[in-house]
Amino acid sequence: MAAAAAGPGTGSGPGDSPEGPEAEAPERRRKAHGMLKLYYGLSEGETAGRPPGSDPLDPTDLNGAHFDPEVYLDKLRRECPLAQLMDSETDMVRQIRALDSDMQTLVYENYNKFISATDTIRKMKNDFRKMEDEMDRLATNMAVITDFSARISATLQDRHERITKLAGVHALLRKLQFLFELPSRLTKCVELGAYGQAVRYQGRARAVLQQYQHLPSFRAIQDDCQVITARLAQQLRQRFREGGSGAPEQAECVELLLALGEPAEELCDEFLAHARGRLEAELQSLEAELGPSPPAPDVLEFTDLGGSGFVGGLCQVASAYQELFAAQGPAGAEKLAAFARELGGRYFALVERRLAQEQGSGDNSLLVRALDRFHRRLRAPGALLAAAGLAEAATEIVERVARERLGHHLQGLRAAFLGCLTDVRQALAAPRLAGKEGPGLAELLANVASSILSHIKASLAAVHLFTAKEVSFSNKPYFRGEFCSQGVREGLIVGFIRSMCQTAQSFCDSPGEKGGATPPALLLLLSRLCLDYETATISYILTLTDEQFLVQDQSPVTPVSTLCAEARETARRLLTHYVKVQGLVISQMLRKSVETRDWLSTLEPRNVRAVMKRVVEDTTAIDVQVGLLYEEGVRKAQSSDSSKRTFSVYSSSRQQGRYAPSYTPSAPMDTNLLSNIQKLFSERIDVFSPVEFNKVSVLTGIIKISLKTLLECVRLRTFGRFGLQQVQVDCHFLQLYLWRFVADEELVHLLLDEVVASAALRCPDPVPMEPSVVEVICERG
Amino acid sequence: MPKELEPGGHESPDDSTSPAHTLELLCHLDNTAHGSMACVAWEPAGDGKKVISLADSHILLWDLQESSSQAVLASSASLEGKGQLKFTSGRWSPHHTGTQVATANDTTIRGWDTRSMSQIYCIENAHGQLVRDLDFNPNKQYYLASCGDDCKVKFWDTRNVAEPVKTLEQHSHWVWNVRYNHSHDQLVLTGSSDSRVILSNMVSISSEPFGHLVDDDDLSDQEERRPEGKSQEPPQDSVIATYEEHEDSVYAVDWSSADPWLFASLSYDGRLVINRVPRALKYHILL
């Protein structure tokens, strides 16, 4: 009734309410809703209009359901001052009045509606009563209908049974007719060649005939049928053996024969024998392609041919076999697998022969495509014949070929490196013939480096084809892991760098230590090349490789640092060897010059000997050569006017100190003592010590070797007075020109001092030349 | 060694003013026809009547008569080849009853048969540079050590001269001398112009078998009898010691002929250093 009471308030709208204030309508509605909600247990607080926090059960809430006037009054009286009480009283009176007028208005408004509602309800009561009567009548009619229907079906029951029986008889008769007609039909089918139809008929009849063979008439039919069937089988076999027809037809024949109940074992063998014949023909044609003559079709064509011919055939055979002889169980499958294994093996042998012919060629893309086809083709039979291991074998072949390719590329890289070296040798030899100034070593180096790098890149690119996404075998574990890490990175790149280092080192170990075998410039160039590899190229190449072949394999790989160390060691050895060779060249010159001269009867020196000029020239040439490839390096800080200064030291103080006592025969011990004391304070000179990678160090090495040789040779000779003076002049000349090449010029004069001192000791009449004269002679030429 | 026996007059400088003995000229090897002599070597065994001398490109075999006062040129041979070939050193093999002599010229080592004065073997390019000295293993036939300007010491088996048996590269300048110890041939002494003397232990190619088996009697060492059954770790060639007492190039090293553990080295500055084989090693070899 609350809804009904609210209904007019909300639904009537402004038109119906003559004097209801518009503003109060929503509030009233909300109140009604609130009561409804209260009734249904919904929280009043959820409605929007309520002040938050008011308790619906609060007995002091005027609008609440649990309003208790006593409590409310009590509260008011207790809490509020008089003024507020008065206010609330007036307010309440006003509200009560408003409510009264509202109630009156509502009653007036809705009076008509109450009346019409009462009328409507009365009318509905009458209508329902009429409807009840009609329903009763409907029920009785339905009962009558059911009764009739039952009676009809009872009447028809009898007939229905007879019809069913008749239908059964009819079917039986048709079957019989089929049986009686069977021989003639079979004959006809056989004549027409519709073997399938014939076999189907036979299949249908067989069981029945089997069952009723004790009846003579059926026996006759059965006999007839058997004769015809035998003929049929014979014809089928005939067709099957002829073998001319394709594999599908054969499969059909076999299927029919099987349906005729021929022994499956035998058929299976025969089937395989036929298939073998066909596949062997394919293989032979493939072999003919191989031939003794150079392979006519390229490898791609060959694999295509093999793929479509042999593998396709094998696929057909396998699928037909599996369909036909599925009932054979594991024994049959084993037979097929053995068959496929054998023929597959022969096919693989052929393919491998063909691929072996391809080893020499440089075209990787064709090979990879061929391998891809080959591999892709074999996946189908591989799936069919998992037991035969064809796919595995194919993968193995591909892997082997890939390995061989890697080997081939490594060989190629080595050959390229050797080729580069030959080019360099020629380039080094050629300009000398043409009489030109030193060959552009830096240019040659750049050429060699770039040529090797491009070769490496080309090889990488070629090998990379094997791992391309679209290639069917690239996702095999071998190609994802081992191929990348062990094959390409270790085998190809690291292998090449190692072999490069070895080749370079072999120049150091070559028996031709006398210098003729390897041009020194080549040693220098190789040393620089190795050093460049150590500093940058190796890590670059390896990074490149790692990027191209996302190496996923966890197997250990050679770290960059090891390779770099190897390259550095090689570079060091080469450079040391270079120093030795060049030092030897100059030493030989010096040695000859000392050994072949008769020092006892030489004339007073007027000139520096030509060989010394030659030594200086050669050293300068070496300096230029090394300067092309190596940086300057550090030398000990010296004043710019080094030559003069050292000369004065050399000639005055030291010379006096050393030679003066030797004039007086009484003091030979002093000479030794002095020289020994002096040596005590100078560091031991390691003549053939390893060199640093810079020009100064290289030249220091060469000059050390040369001067030490000079020293040793001088000690083996005996000098006359002028001989000693000549040595003095020569040494001063060397002093003038060699100091600039070495790291520590102290070293040069130490050695040269030693030479002069040794010559003085080997001289029965040691009268040194006046230093100023020496100076003049040297400056003159 | 024959050095002490060598009479003055060949090469030894004549400044012998030492108080002990004055040297007396016994005989004169006439070399006027053959150029300057590089080396003289006495027959190691026998009655000491044969002397080999090397002069320029000739190898001369002298026979000193009974009194050792007269030398007769018994036979000679000479090197033939391009350029000026000069012998640098020579050595008489202690084996084969003194019929073999090895000589060095430039980078080549040659072996000679003194009976026929014909070449029996030749090691071309034995060293990268000049060969300075040779020495035969006193206990092991066919084994020859050589050293040269390429700073290397090489050991050869003269039956197969294609490859050296062993190569040492410890010196940093020319190696002037190489000497086997007379009784314990694993001890090899080398002197070099890098002013170092190096004593090496070449166990792997010595005549003393590893672990000393029972064959004590076939070797010629007299005073040092090695006890048998010595347990040894696998032998390793090694440098026993590097002697750096010299301040200048060392031009001669040799073992004492009296005490097998004593050796001397002589350097340019006139310093003669006498050293002993380290005691630990001595006992290691002996025991």
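Only one residue in B:Lys82, B:Lys86 is under 22 Å from the mean Cα position of the chain (by Cα) and among the basic types (Lys, Arg), so which one is that?
Numbers: B:Lys82 fails: under 22 Å from the mean Cα position of the chain (by Cα).
Only one candidate passes the filter, namely B:Lys86.
Given the residues A:Leu182, A:Leu176, which is the only one that is among the aliphatic types (A, V, I, L, M), in a helix (DSSP H, G or I) and touching a Phe, Trp or Tyr at 6+ places or on another chain (Cβ under 7 Å)?
Numbers: A:Leu176 fails: touching a Phe, Trp or Tyr at 6+ places or on another chain (Cβ under 7 Å).
That would be A:Leu182, the only listed residue that is among the aliphatic types (A, V, I, L, M), in a helix (DSSP H, G or I) and touching a Phe, Trp or Tyr at 6+ places or on another chain (Cβ under 7 Å).
Take the range B:117-146 and flag every residue that is among the hydrophobic types (A, V, I, L, M, F, W, C), assigned to a strand (DSSP E or B) and more than 14 Å from chain A (Cβ to nearest Cβ).
Applying the first criterion (among the hydrophobic types (A, V, I, L, M, F, W, C)) to the range B:117-146 yields B:117, B:120, B:122-123, B:126, B:130-131, B:134, B:136, B:144-145.
Among the residues that remain, those that are also assigned to a strand (DSSP E or B) are: B:120, B:122-123, B:131, B:134, B:136, B:144-145.
Those that are among the hydrophobic types (A, V, I, L, M, F, W, C), assigned to a strand (DSSP E or B) and more than 14 Å from chain A (Cβ to nearest Cβ): B:Ile120, B:Cys122, B:Leu134, B:Phe136, B:Leu144, B:Ala145.
Please give the number of the condition A:Glu712 fails out of (1) in contact with a helix residue (DSSP H, G or I) (Cβ under 8 Å, 6 or more places away or on another chain); (2) within 21 Å of A:Val616 (Cβ to Cβ); (3) of a type in the set (D, E, K, R); (4) within 12 Å of chain B (Cβ to nearest Cβ).
So the condition that A:Glu712 fails would be (1).
If A:Ala388 meets every condition in (1) within 30 Å of A:Leu406 (Cα to Cα); (2) buried (at least 16 other Cβ atoms within 10 Å of the Cβ); (3) modelled with pLDDT of 75 or more apart from one, which number is that one?
(3)
Could you say whether any residue in the range A:606-623 is touching a Gly at 6+ places or on another chain (Cβ under 9 Å), of a type in the set (A, V, I, L, M) and not in a helix (DSSP H, G or I)?
yes
Answer yes if at least one residue in the range A:598-615 is within 60 Å of the chain's Cα centre (by Cα) and either modelled with pLDDT under 80 or within 24 Å of B:Ser172 (Cβ to Cβ) (or both), and no otherwise.
The answer is yes; a qualifying residue exists.
Looking at the range B:151-170, which of the residues that are outside any strand (DSSP E or B) and more than 14 Å from chain A (Cβ to nearest Cβ) is surrounded by the most Cβ atoms within 10 Å (Cβ to Cβ)? Full working, then the answer.
Kept after step one, since they are outside any strand (DSSP E or B), are these residues of the range B:151-170: B:151-152, B:158-159, B:161-165, B:169-170.
Right, trim to more than 14 Å from chain A (Cβ to nearest Cβ) and you get B:158-159, B:165.
Details: B:Thr158: 18, B:Arg159: 9, B:Val165: 16.
Restricting to residues being outside any strand (DSSP E or B) and more than 14 Å from chain A (Cβ to nearest Cβ), the top hit is B:Thr158.
Within the range B:172-196, how many residues are within 14 Å of another protein chain (Cβ to nearest Cβ) and buried (at least 21 other Cβ atoms within 10 Å of the Cβ)? Working first, answer last.
First, the residues of the range B:172-196 that are within 14 Å of another protein chain (Cβ to nearest Cβ): B:172-177, B:191-196.
Going one step further and asking which of them are buried (at least 21 other Cβ atoms within 10 Å of the Cβ), we end up with B:173-177, B:191-196.
Total satisfying the criteria: 11.
In the range A:492-519, what residues are away from every other protein chain (no Cβ under 14 Å) and at pLDDT below 80? Talk me through it step by step, then tell me what you get.
Here is the first cut: in the range A:492-519, the residues away from every other protein chain (no Cβ under 14 Å) are A:492-506, A:519.
Correct list: A:Pro519 only.
Out of the residues in the range B:244-285 that are under 19 Å from B:His182 (Cβ atoms) and within 14 Å of chain A (Cβ to nearest Cβ), state the one that is farthest from the chain's Cα centre (by Cα).
Once the filter is applied, the top-ranked residue is B:Leu266.
Mind telling me which of the residues A:Ala468, A:Ala442 ends up being touching a residue at least 40 places away in the same chain (Cβ under 8 Å), surrounded by fewer than 19 Cβ atoms within 10 Å (Cβ to Cβ) and under 30 Å from A:Leu628 (Cα atoms)? Even if it seems obvious, please write down each step before you answer.
Numbers: A:Ala468 fails: under 30 Å from A:Leu628 (Cα atoms).
Only one candidate qualifies: A:Ala442.
Being of a type in the set (Gly, Ala, Ser) and over 46 Å from the mean Cα position of the chain (by Cα) is the filter here; which residues of the range A:267-281 pass it? Talk me through it step by step, then tell me what you get.
First pass over the range A:267-281, keeping only residues of a type in the set (Gly, Ala, Ser): A:273, A:275, A:277, A:281.
None - no residue of the range A:267-281 is of a type in the set (Gly, Ala, Ser) and over 46 Å from the mean Cα position of the chain (by Cα), so the list stays empty.
Can you tell me which of A:Val317, A:Val368 is among the β-branched types (Val, Ile, Thr) and either over 29 Å from the mean Cα position of the chain (by Cα) or at pLDDT below 75 (or both)? Don't jump to the end; show me each part of the working.
Numbers: A:Val368 fails: either over 29 Å from the mean Cα position of the chain (by Cα) or at pLDDT below 75 (or both).
Unique residue meeting the criteria: A:Val317.
For the range A:575-596, does any single residue satisfy the condition of being in a loop (DSSP other than H, G, I, E, B), at pLDDT 60 or above and within 14 Å of chain B (Cβ to nearest Cβ)? Give the derivation first.
Within the range A:575-596, the subset in a loop (DSSP other than H, G, I, E, B) is A:596.
This time we only want the ones that are at pLDDT 60 or above, so: A:596.
Now drop any that are not within 14 Å of chain B (Cβ to nearest Cβ), which leaves A:596.
The answer is yes, given that some residue of the range A:575-596 is in a loop (DSSP other than H, G, I, E, B), at pLDDT 60 or above and within 14 Å of chain B (Cβ to nearest Cβ).
Take the residues in the range B:171-194 that are in a strand (DSSP E or B) and of a type in the set (Gly, Ala, Ser), then tell me which one is farthest from the chain's Cα centre (by Cα).
Taking the range B:171-194 first, the residues in a strand (DSSP E or B) are B:175-180, B:187-192.
With the extra rule that they be of a type in the set (Gly, Ala, Ser), the set shrinks to B:191-192.
On the way: B:Gly191: 12, B:Ser192: 14 Å.
Top of the filtered list is B:Ser192.
Looking at (1) hydroxyl-bearing (Ser, Thr, Tyr); (2) under 23 Å from A:Phe325 (Cβ atoms); (3) exposed (fewer than 10 other Cβ atoms within 10 Å of the Cβ), which is the only condition A:Tyr195 fails?
(3)
Only one residue in B:Ser146, B:Ser76, B:Ser118, B:Ser93 is closer than 21 Å to B:Val250 by Cα and small (Gly, Ala, Ser). Which one?
Values: B:Ser76 fails: closer than 21 Å to B:Val250 by Cα; B:Ser118 fails: closer than 21 Å to B:Val250 by Cα; B:Ser93 fails: closer than 21 Å to B:Val250 by Cα.
Just a single option satisfies the conditions, and that option is B:Ser146.
Within the range A:211-221, is even one residue closer than 22 Å to A:Leu257 by Cα, in contact with a helix residue (DSSP H, G or I) (Cβ under 8 Å, 6 or more places away or on another chain) and of a type outside the set (A, V, I, L, M)?
Looking through the range A:211-221, none of the residues is closer than 22 Å to A:Leu257 by Cα, in contact with a helix residue (DSSP H, G or I) (Cβ under 8 Å, 6 or more places away or on another chain) and of a type outside the set (A, V, I, L, M).
Kindly check whether there is at least one residue in the range B:79-87 that is under 14 Å from B:Ala102 (Cα atoms) and modelled with pLDDT of 85 or more.
Checked against the condition, which is being under 14 Å from B:Ala102 (Cα atoms) and modelled with pLDDT of 85 or more, the range B:79-87 yields at least one hit.
For every residue, the table says whether it meets (1) in a helix (DSSP H, G or I); (2) crowded, with 19+ Cβ neighbours inside 10 Å; (3) at pLDDT below 75.
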| site | (1), (2), (3) |
| --- | --- |
| A:Arg206 | yes, no, yes |
| A:Gln222 | yes, yes, no |
| A:Ala230 | yes, no, no |
| A:Glu282 | yes, yes, no |
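Kindly indicate which of A:Asp686, A:Asp670 is at pLDDT below 80 and not in a helix (DSSP H, G or I).
Working: A:Asp670 fails: not in a helix (DSSP H, G or I).
Just a single option satisfies the conditions, and that option is A:Asp686.
The values are calculated or read from the model by the stated rules, or taken from the named source; none is laboratory data. Source: prediction; values computed, not measured. For neighbour counting, all protein chains shown are included, and Cβ atoms are generated from backbone atoms with ideal geometry for every residue, glycine included.
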